[in-house]
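Trainee: Quick one: this structure, given as structure tokens, is what I'll be asking you about.
The values are calculated or read from the model by the stated rules, or taken from the named source; none is laboratory data. Keep in mind it's a predicted model, so treat the numbers as computed, not measured. With ideal geometry, Cβ positions are generated from the backbone for all residues, glycine too; neighbour counts draw on all protein chains shown. Keep in mind that these areas ignore ligands, DNA and RNA; they rest on the heavy atoms of the full protein, side chains included. Shrake-Rupley method; radii C 1.70, N 1.55, O 1.52, S 1.80 Å.
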Amino acid sequence: MKSVQNHMSKISILGIEGTAWNLSAAIVDEDDVIAETTATYKPAAGGIHPREAAQHHANYIKEVIRETLRKGGRNIDAVAFSQGPGLGPCLRTVATAARALALSLDIPLIGVNHCIAHIEVGRWKTPAKDPVTLYVSGANSQVLAYRTGYYRVFGETLDIGIGNALDKFARSAGLPHPGGPKVEELAKQASRYIPLPYTVKGMDFSFSGLTTAAQESVKKHMLPDVCHSFQETAFAMLVEVTERAVAHTGKNEVLLAGGVGANARLREMLKLMCEDRGIEFYVPEKRFMGDNGAMIAYLGLLMYKAGYRTPVPDSKVNPNYRPDDVEVKWL
Ligand code: ATP
Ligand code: FE2
């Protein structure tokens, strides 16, 4: 059946996110999020198991999409999906559903880059126009900014993402997953700072040495003090690189994206840096910070309008999909 666009309505895109633990589908138009449905995989113990997460997504995807279409109550013009980066089994599950839906509705498919979706939803939902973005999540930690046709990566982690570093440290200290919020809470009770390895190499940073040192440190020091010191050290690294990207690009806005952006101390440090430099600091509403279907749908909308289409033979997922591989024709 051909999906016919009602001539009164605006372009509407359904987007599906499922790169890691969060499965989420949303319909957006240019003005707002029309509907969103989310099903979250919670590991029974330990961290994310890629195949378990993919099985979770496979179990819920039909319901998540059906519910979103029902709540949206309108025809959609295209199906967007996270093509990467992310966990291979999860990406493949979502891509399979996206292809099937696009084919059955006879509408275009659009594969989107997950990192760029974080930036674009931030530009949509805050006043930011052309920011330096600090994208900090479980698997990703990058400093990005637009320059000459691409979102360039100005700095990034050389090993693990800051969220995974926090989660790994927290797990070894006996705290439940996800560790980030627990570390933040405990850090408030700290009474001293313990020096930990601060690793910035050029414009890149690294968290595995810090994580190992913090795991060792817990044997000798109070847990809240180590949590505080972990945060201060890691966030100072992120802020340093963000500030240097600002200086280098001459941009006058900073946008925070990703699940770790929920952290109040990280926000405070970034805000201070921005105030010092006399530039703006933007943080979207919490629902648009962690992984969400709306950001995939919204980037899909921008790309749809700019003429992007992903024929099924080109829709293979890419677990290492880099934001600077995407030519930006929608700006
Ligand atoms: P991606 O696929 O982009 O890597 P993700 O699956 O890791 O994303 P997000 O929701 O972006 O999902 O981020 C989750 C991470 O955010 C977890 O590592 C979690 O510990 C961390 N986190 C959440 N809240 C806080 C907080 N208040 N402070 C620090 N870290 C936090
Ligand atoms: Fe993400």
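Trainee: Mind listing just one residue for me: the one in the stretch 290-312 that is outside any helix (DSSP H, G or I) and of a type outside the set (A, V, I, L, M, F, W, C) and, of those, nearest to SER24 (Cα to Cα)?
Mentor: The extreme case among them is ASN292.
Trainee: Touching a Lys or Arg at 6+ places or on another chain (Cβ under 6 Å) and part of a helix (DSSP H, G or I): does that describe ALA170?
Mentor: It is true that ALA170 is touching a Lys or Arg at 6+ places or on another chain (Cβ under 6 Å) and part of a helix (DSSP H, G or I).
Trainee: Acidic (Asp, Glu) and either buried (at least 22 other Cβ atoms within 10 Å of the Cβ) or not in a strand (DSSP E or B) (or both): does that describe GLU184?
Mentor: yes
Trainee: Continuing with this model, one more query. When you look at GLY86, is it away from ligand 2 (no atom under 16 Å from the Cβ), open to solvent by 20 Å² or more (accessible area, probe 1.4 Å) and among the small types (Gly, Ala, Ser), yes or no?
Mentor: Against the criterion (away from ligand 2 (no atom under 16 Å from the Cβ), open to solvent by 20 Å² or more (accessible area, probe 1.4 Å) and among the small types (Gly, Ala, Ser)), GLY86 does not qualify.
Trainee: I've got another one for you. If you scan the stretch 187-213, which residues turn out to be of a type outside the set (Asp, Glu), closer than 27 Å to PHE154 by Cα and not in a loop (DSSP other than H, G, I, E, B)?
Mentor: VAL200, LYS201, PHE205, SER208, GLY209, LEU210, THR211, THR212, ALA213 - these are the residues of the stretch 187-213 that are of a type outside the set (Asp, Glu), closer than 27 Å to PHE154 by Cα and not in a loop (DSSP other than H, G, I, E, B).
Trainee: Being within 13 Å of ligand 1 (Cβ to nearest atom) and touching a residue at least 60 places away in the same chain (Cβ under 8 Å): is that true of ARG265 here?
Mentor: In short, yes.
Trainee: Of the residues VAL200, VAL136, which is at pLDDT 95 or above and closer than 25 Å to PRO284 by Cα?
Mentor: Residue meeting the stated conditions: VAL136.
Trainee: Here's another thing I want to ask about it. Do you know which of the residues in the stretch 187-198 that are of a type outside the set (D, E, K, R) and surrounded by fewer than 18 Cβ atoms within 10 Å (Cβ to Cβ) is nearest to ligand 1 (Cβ to nearest atom)?
Mentor: It comes out as GLN189.
Trainee: Now for a separate question. If you check ARG147, ARG123, which single one turns out to be within 16 Å of ligand 2 (Cβ to nearest atom), open to solvent by 30 Å² or more (accessible area, probe 1.4 Å) and either basic (Lys, Arg) or without any contact (Cβ under 8 Å) to a residue 24 or more places away in the chain (or both)?
Mentor: ARG123
Residues are listed down the side, and each one gets a yes or a no for (1) at pLDDT 95 or above; (2) open to solvent by 50 Å² or more (accessible area, probe 1.4 Å); (3) within 16 Å of ligand 2 (Cβ to nearest atom):
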| position | (1), (2), (3) |
| --- | --- |
| VAL254 | yes, no, no |
| GLY259 | yes, no, yes |
| ASN263 | yes, no, yes |
| ILE296 | yes, no, yes |
| PRO319 | yes, yes, yes |
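Trainee: What's the total number of residues in the stretch 104-145 that are out of contact with any helix residue (DSSP H, G or I) (no Cβ under 7 Å at 6 or more places or on another chain), hydrophobic (A, V, I, L, M, F, W, C) and away from ligand 1 (no atom under 16 Å from the Cβ)?
Mentor: Summing the residues that are out of contact with any helix residue (DSSP H, G or I) (no Cβ under 7 Å at 6 or more places or on another chain), hydrophobic (A, V, I, L, M, F, W, C) and away from ligand 1 (no atom under 16 Å from the Cβ) in the stretch 104-145 gives 2.
Trainee: Take the conditions within 16 Å of ligand 1 (Cβ to nearest atom) and closer than 20 Å to TYR321 by Cβ and apply them to LEU87. Does it pass?
Mentor: Yes; evaluated as a whole, the condition is true for this residue.
Trainee: Now for a separate question. Here are LYS219, LYS271: which of them is assigned to a loop (DSSP other than H, G, I, E, B), assigned by TED's automatic domain parsing to the domain that holds GLU184 and surrounded by fewer than 19 Cβ atoms within 10 Å (Cβ to Cβ)?
Mentor: Of LYS219, LYS271, the one residue that is assigned to a loop (DSSP other than H, G, I, E, B), assigned by TED's automatic domain parsing to the domain that holds GLU184 and surrounded by fewer than 19 Cβ atoms within 10 Å (Cβ to Cβ) is LYS219.
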